[in-house]
Amino acid sequence: MKRYGNLFEHLTSFENLYLASIKARKGNRCKGSVIRFEKDIEEELFQLQEELVTKTYKPGGYREFTIYERKPRKISAAPYRDRVVHHALCNVIEPIFEKIFIFDSYACRHEKGTHKAVGRFTEFSRKNKYVLKTDIKKYFPSIDHEILFAKIRKKIKCRDTLWLIKTIIDGSNEQEEVKDYYEDDGLFTPFQRKKGIPIGNLTSQFFANIYLNDLDHYMKEHLRCKYCLRYVDDITVFENDKKTLWGIKEKINDFLTKDKLKLHPGKTYVAPVSVGIDHLGYRIYPTHRRLRKDNSLAFKRKLKRLAQLYNAGEISFDELNASVQSWLGHAEHADTYRLRRSIFSQTIFSRD
């Protein structure tokens, strides 16, 4: 397997850091930390460059908050200057790993994403009778730092770039405790090994793809799963025989033990595709898609709050429209014409 070196000079170049700052500020230009950084951007970027080149760079502390999407999820937001570094790193190493990722891995990749994954799911459901649906138990908190770094080193040999990657991984804030045991583990092994990377980092999303890339190739090349796809740790496999899928599930679970991961027992099932399968915010049938009910109910509540703020003059039309268009972009990938008409007919936008 080819390994890549001599990456750090490009990674720390002013041009790459400036490009990283453009990517990092996308959608965040009005935030105070971004405004302060942009105000003296040349000085800030030269300071970052010096810290990286001299290896005095240290990640800052995370801002933690919880979002509620069917279940509570802790999000960790890195300081803005760290996000610039994350983009600078990914600008350089992402093209290297992109070459070894399988086609049917869809999360956080160029020209992939949620809606491409949903389209592929629909395509596979039309060619098969059954689907195995599963995900990994406490995936981000379970990612083992030593194993992750070893996987990255298979493709990267530049010592300076590896230093930065290790600095980012080791700088992860404390995650939910995971106490699972695996073969050859001692009594204290789960407490001695560093685990967990923060949901919210660009690098975490990218590292999460690297961590499961071996599983992707195992499913495609060893298990011969022609109809399978992955979105982060959400794994689906399609077949025309239920028994075959349960056998695949056992083999996947066994394979994951070497990476100190387990499938989630409460979220693993085999079902006929004809009943409609929940996937990435939709209920997908071979013939059509529906928006998941909790999604439409949540948007109804949000739209009501937005209408109150707009009618009171507390937000502009552009702010209102941005929120509405974001949801419409998601809803329009399902059969929601009547639903959209119903929701908007119940809401009045009017200023005195």
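Each part gets one Cα centre, and for the range 242-258 versus the range 101-152 those centres are 16 Å apart. Between I156, P286, N6, whose Cα lies farthest towards the positive end of the dipole of the chain when Lys and Arg beta carbons carry +1 and Asp and Glu beta carbons carry -1, centred on the Cα centre? The residue sitting farthest along the positive end of the dipole is P286. Rounded to two decimals, the Cα radius of gyration of the range 242-295 over 2.2 N^0.38 Å is 1.41. Residues within the reach of a label modelled at N28 (point 7 angstrom out along Cα to beta-carbon, backbone nitrogen below 18 Å), restricted to the range 151-184, are 168-169, 171-173.
For a Förster distance of 35 Å, can you work out the FRET efficiency between the beta-carbons of K242 and K304, rounded to the nearest 0.05? Step by step, r from the Cβ atoms, then E = 0.20.
Each 5 Å bin, from zero up to the one with the longest distance, holds this percent of the alpha carbon pairs of the range 203-248: 5, 20, 29, 23, 13, 7, 3, 1.
The range 311-332 and the range 57-88 have Cα centres lying 25 Å from one another.
Using just its DSSP H runs of length 4 or more, each adding -39500 (n - 2.57), the chain gives a mean residue ellipticity at 222 nm of -14500 deg cm²/dmol after division by all residues. Relative to a virtual label point 7 Å from the Cα of K99 in the Cα→beta-carbon direction, which members of the range 148-186 show backbone nitrogen distances below 13 Å? Output list for this probe position: 155-157.
Here are some pairs, K99/K262; K58/K112; K58/K133; K74/K99; which of them have Cα atoms lying more than 29 Å apart in this structure? Violating the 29 Å Cα-Cα cut-off are K58/K112; K58/K133; K74/K99. Remark: spin-label model distance E183-D254 equals 0.9 nm, labels positioned 7 Å along the Cα→Cβ axis.
For C108, C90, the ranking by accessible surface with the largest value first comes to C108, C90, using a 1.4 Å probe. Overall, the range 121-198 carries a charge dipole of about 580 debye about its Cα centre when +1 sits on the Cβ of Lys and Arg and -1 on the Cβ of Asp and Glu, all other atoms neutral.
Taking Cα centre as origin and charging only the Cβ of basic (Lys, Arg, +1) and acidic (Asp, Glu, -1) residues, the dipole magnitude of the range 204-307 rounds to 800 debye.
With every protein chain kept in place and ligands, DNA and RNA left out, what is the accessible area per residue of the range 296-350? Probe 1.4 Å, answer in Å².
Averaged over the residues of the range 296-350, the accessible area is 66 Å².
Could you check which residue among L303, L89, L17 shows the biggest mean-square fluctuation in a GNM of the chain with a 10 Å Cα cutoff? Taking springs between Cα atoms under 10 Å, the residue moving most is L303.
Each residue of the range 268-273 was assigned a 3J(HN,Hα) from its phi angle through the Karplus expression (A = 6.51, B = -1.76, C = 1.60, θ = phi - 60°), giving 10, 7, 10, 8, x, 5 Hz with x at Gly and Pro. Using only alpha carbon pairs under 8 Å that are at least six residues apart, calculate the relative contact order of the chain and give it in whole percent. After rounding, I find 20 percent. Taking K249, K116 and ordering them by how much accessible surface each has at a 1.4 Å probe, largest first, produces K116, K249. Selection among H217, S342, Y227 by position relative to the dipole of the chain gives S342 as farthest towards the positive end (Cβ unit charges, Cα centre). Under the simplified labelling scheme, the N311-D214 pair shows an inter-label distance of 5.8 nm, with each label point 7 Å from Cα along Cα→Cβ. Could you work out which residue, out of A271, A312, A77, moves most in a Gaussian network model of the chain, that is, has the largest mean-square fluctuation with Cα springs under 10 Å? Residue with maximal mean-square fluctuation among A271, A312, A77: A312. Comparing A331, A307, A117 in a Gaussian network model of the chain (Cα springs below 10 Å), the most mobile by mean-square fluctuation is A307. In a simple Cβ point-charge model (Lys, Arg +1; Asp, Glu -1; nothing else charged), the chain has a dipole of about 1380 debye relative to its Cα centre. A straight chain from Q325 to F65 at 0.36 nm per residue would run longer than the Cα-Cα distance by 91.1 nm. Taking the protein heavy atoms of the range 120-231 in the context of the full set of protein chains, the accessible area attributed to carbon and sulfur is 46 percent at 1.4 Å.
The values are calculated or read from the model by the stated rules, or taken from the named source; none is laboratory data. These numbers were taken from a predicted model, which means no experiment stands behind them. Quick reminder, even Gly has a Cβ in these numbers, built from the backbone with ideal geometry, and neighbours come from all protein chains shown. Keep in mind that these areas ignore ligands, DNA and RNA; they rest on the heavy atoms of the full protein, side chains included. Shrake-Rupley method; radii C 1.70, N 1.55, O 1.52, S 1.80 Å.
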